[in-house]
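The values are calculated or read from the model by the stated rules, or taken from the named source; none is laboratory data. Since the structure is predicted, the reported quantities are computational estimates derived from the model, not experimental observations. Cβ atoms come from the backbone with ideal geometry, glycine included; neighbour counts cover every protein chain shown.
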Amino acid sequence: MKNLIRVAPLTRPAKTRQPDIDIEIGRFRLAFSVRTYVMGILNVTPDSFSDGGKFFDKDKAVKHAMDMAREGADIIDVGGESARPGSTEISVEEELDRVMPVVEAMAGKAGVPVSIDTRKGKVAEAALRAGAKIVNDISGFKYDPYLAAVTARYDAAVILMHMRGTPLDMQKAPRYKNVMKEVAGELQRSIKIAVDAGVKKEKVIIDPGIGFSKTAEHNLVILNRLDEIKALGYPVCVGTSRKSFIGKVLGIEGTNNRLAGTLATCVMAIMKGANILRVHDVREVVAVSRMTDSVLRERAF
């Protein structure tokens with residue numbers, strides 16, 4: 001293998017998990033106290049890092065969403081703006097044109113909650129009005145002040161992700177003196193923005209932002225010490241799917257060749273307390289999460 005990265009020795013998983021908090025969103029219940037949930041990624045973009053352009057057509061996007069739901073996805077996450085490193089922002093109008101036909105076609109029909117992956121309040125507002133139940137904000141409510149207010153008004157759940165900068169510049173030499181302490185502190189500031197805007201604490205989910213303003217080593221440290229993020233007291237979402245740090249560790253070119261590495265990181269994330277896994281390969285991750293949950297909880301699912 002090439003490009004191996006030195007990190008601190010692997011810590012043993014805790015014998016008991018942090019208490020998991022269930023979330024009610026409309027008619028849906030995310031029973032994190034029971035098992036891990038799988039979020040299927042639906043990029044309605046021409047330029048996302050792994051599947052850009054593949055589901056840019058509305059009919060293909062809706063079919064893929066339904067396929068993921070049949071494969072066991074618990075949530076479908078619809079995004080219309082690429083967040084790959086180096087990507088530039090698109091207008092609200094363009095993002096709405098991309099996501100709304102898909103959200104409108106899926107909401108209430110997929111049988112699972114729809115999440116809108118956006119950092120823009122107007123996009124979230126339209127999606128929530130159309131039936132989306134979760135806002136997934138890569139900026140952690142630090143990009144658009146209106147987004148927190150919209151989330152609160154619709155009583156939606158929110159995933160607050162950690163990121164410094166924007167996708168355009170986030171990977172330009174990211175530096176931390178203490179990555180765990182700083183990521184946790186910045187997530188706490190996002191939580192405060194949410195709560196101050198009226199979002200209910202019991203509807204907040206946090207995401208340490210694997211691959212966002214972090215080096216490969218930062219990502220490995222966060223995964224190994226994810227229980228420190230879980231200790232903040234909120235459900236945790238983790239997205240490692242096909243990301244470049246997996247390719248760097250394993251010496252693998254091409255995003256579609258990173259399934260084995262993705263599955264390994266998913267197992268590690270569950271063992272360290274993750275409640276949601278955001279992934280491209282739903283069928284495989286559902287099987288892995290079910291097996292890992294069964295071992296950790298000492299009962300078959």
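Observations, loosely collected:
- Filter result (surrounded by fewer than 19 Cβ atoms within 10 Å (Cβ to Cβ) and either modelled with pLDDT of 85 or more or part of a helix (DSSP H, G or I) (or both)) within the range 47-73: Lys58, Asp59, Lys60, Lys63, Met66, Asp67, Arg70, Glu71, Gly72
- In the condition set (1) assigned to a loop (DSSP other than H, G, I, E, B); (2) within 16 Å of the chain's Cα centre (by Cα); (3) among the basic types (Lys, Arg), Arg278 is compliant with all but (1).
- Residues (in a loop (DSSP other than H, G, I, E, B) and either in contact with a Pro (Cβ under 6 Å, 6 or more places away or on another chain) or touching a residue at least 60 places away in the same chain (Cβ under 8 Å) (or both)) located in the range 184-210: Gly209
- Taken as a whole, the structure places Arg164 among residues that are out of contact with any Cys (no Cβ under 7 Å at 6 or more places or on another chain) and in a loop (DSSP other than H, G, I, E, B).
- Hits in the range 108-126 - residues which are part of a helix (DSSP H, G or I) and surrounded by 23 or more Cβ atoms within 10 Å (Cβ to Cβ): Val123, Ala124
- Ile206 vs. criteria surrounded by 19 or more Cβ atoms within 10 Å (Cβ to Cβ), of a type outside the set (Lys, Arg), closer than 27 Å to Thr166 by Cβ and touching a helix residue (DSSP H, G or I) at 6+ places or on another chain (Cβ under 8 Å): yes
- Any hit, the range 79-101, residues being touching a helix residue (DSSP H, G or I) at 6+ places or on another chain (Cβ under 6 Å) and within 25 Å of Phe32 (Cβ to Cβ): no
- Thr262 part of a loop (DSSP other than H, G, I, E, B), on the phi < 0 side of the Ramachandran plot, among the β-branched types (Val, Ile, Thr) and out of contact with any Phe, Trp or Tyr (no Cβ under 9 Å at 6 or more places or on another chain): no
- Taken over the range 74-102, residues that are out of contact with any strand residue (DSSP E or B) (no Cβ under 6 Å at 6 or more places or on another chain) and part of a strand (DSSP E or B) amount to 0.
- For Ala105, the stated conditions do not hold, so it cannot be described as part of a helix (DSSP H, G or I), in contact (Cβ under 8 Å) with a residue 40 or more places away in the chain, closer than 29 Å to Lys214 by Cα and touching a helix residue (DSSP H, G or I) at 6+ places or on another chain (Cβ under 8 Å).
- Members of the range 262-295 found to be farther than 22 Å from Leu42 by Cβ and either touching a helix residue (DSSP H, G or I) at 6+ places or on another chain (Cβ under 6 Å) or at pLDDT below 95 (or both), listed by number: Val267, Met268, Ile270, Lys272, Gly273, Thr292
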